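Remarks on the structure that follows.
The values are calculated or read from the model by the stated rules, or taken from the named source; none is laboratory data. Small disclaimer: the values here were computed from a predicted structure and weren't measured. For the accessible areas, the whole protein counts, side chains as well, though only heavy atoms, and no ligand, DNA or RNA atoms are used. Shrake-Rupley method; radii C 1.70, N 1.55, O 1.52, S 1.80 Å.
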Amino acid sequence: MLGRHLFCQETAASIVVRLNPENNIEYIARYGLKDLFNLKVVPTPGFDLHIYKERITTKL
């Protein structure tokens, strides 16, 4: 479906959505949709937690 991989730091941001030629919504949610719908900010597995905590601190 996608020709390239995107890297996101949060699970809720790791979602790709598109409208296909038949006007149907298609999505890829590698880590599921639960965090997005629950408004939870959770780092993706393998992401450097030091960098993650620094990013979150600067956004508060």
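Arg30 to Arg18: extension gain in nm, 0.36 nm per residue of separation minus the Cα-Cα distance?
Taking 0.36 nm per residue and subtracting the Cα distance, the gain is 2.8 nm.
Leaving out ligands, DNA and RNA but keeping every protein chain, what accessible area does Lys40 have, in Å² rounded to the nearest 10, with a 1.4 Å probe?
So the heavy atoms of Lys40 present about 100 Å² to solvent.
Using only Cα atoms, find the angle between the long axis of helix 49-59 and the longest principal axis of the chain, and express it within 0 to 90 degrees, rounded to the nearest 10.
Once rounded, one gets 90 degrees.
How big is D, in µm² s⁻¹, for the chain by Stokes-Einstein at 10 °C and 1.306 mPa s if Rh is the Kirkwood radius over C-alpha pairs?
Working: Rh = 13.0 Å.
Estimated diffusion coefficient is 122 µm²/s.
Calculate, for the chain, the solvent-accessible area per residue in square angstrom, rolling a 1.4 angstrom probe over the heavy atoms of the protein chains.
Details: 5090 Å² over 60 residues.
Each residue of the chain exposes 85 Å² on average to a 1.4 Å probe.
When the Karplus curve 6.51 cos²θ - 1.76 cosθ + 1.60 is applied with θ = phi - 60°, which whole-Hz ³J(HN,Hα) does each residue of segment 21-37 get, with x for Gly and Pro?
Along segment 21-37, the couplings run x, 8, 6, 9, 7, 10, 8, 10, 10, 3, 9, x, 10, 4, 5, 4, 5 Hz.
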